[in-house]
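Take a look at the structure set out below.
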């Protein structure tokens, strides 16, 4: 039977993990926006980095406030505030039709963030309350958000066609023994020179001249084979359309791993 003291100690430790859960939730949310485009293995590094950041932040905040419960509250507030500040900055950028927000607005946002965190730290340091109940509520909220994101990822996980590694079915050309070094620049979502000039009234000649001066050939009237980047690159790098792959995908599949395979193993 578990001793009451051990149970209380475990409960206290569980109340200290909410900064890590909030940080992990943010990483999972960002990953969900590009699910099917980013390999799951690429999650490991950012999760480790944010865990290390939160750990250092929690240790510093605990030392300043004199309490681990208060320190983790400051750490969680810092993580959430960074996200909110970024969201506000993005919203302001969208309101200005994509133009970068001014330096003074950026400074004001950062000053507000720093001021809020300093004020919270001073308050927690001076208050005599242990903040046990607040930590419990924050921990439950963090766990709920984390669980919701994990469940959302699980339900929306790409339906793999079960074909990797697979034969792409495209026309494979014989490769020469000696191949030259070729720099193939694909500017994603970057319009052609004539489109930039005629539609957006943008003079792109300096960039075009720079490329041509350095020996690059520009396809001035080029068109993408497909609108989405993954399909376009997979088609262009293999010099063929992707029609042979249609029968290999399940209906409504959002798995882009076959396209990534074609890009990495292009012919």
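Once both labels are positioned 7 Å from their Cα atoms along Cα-to-Cβ, the gap between residue 227 and residue 266 label points is 2.2 nm.
The length gained by stretching the chain between residue 154 and residue 90 to full extension, at 0.36 nm per residue less their Cα-Cα distance, is 20.2 nm. Scoring 259-265, 75-81 by mean Cβ neighbours within 10 Å over their residues and listing the highest first yields 75-81, 259-265. A straight line joining the Cα centroids of the range 183-210 and the range 57-94 runs 41 Å. The order of 106, 72, 65, going from fewest to most other C-beta atoms within 10 Å of their C-beta, is 106, 65, 72.
Which FRET efficiency, nearest 0.05, do residue 48 and residue 182 yield, Cβ-Cβ r, R0 30 Å?
The computed FRET efficiency comes out at 0.25.
Read-outs throughout are calculated quantities, based only on the coordinates presented, and are distinct from any laboratory measurement. Note that the structure is predicted; figures quoted are calculated from it, not measured. Methodologically, a virtual Cβ is constructed for each residue, glycine included, from the backbone with ideal geometry; neighbour enumeration extends over all protein chains shown.
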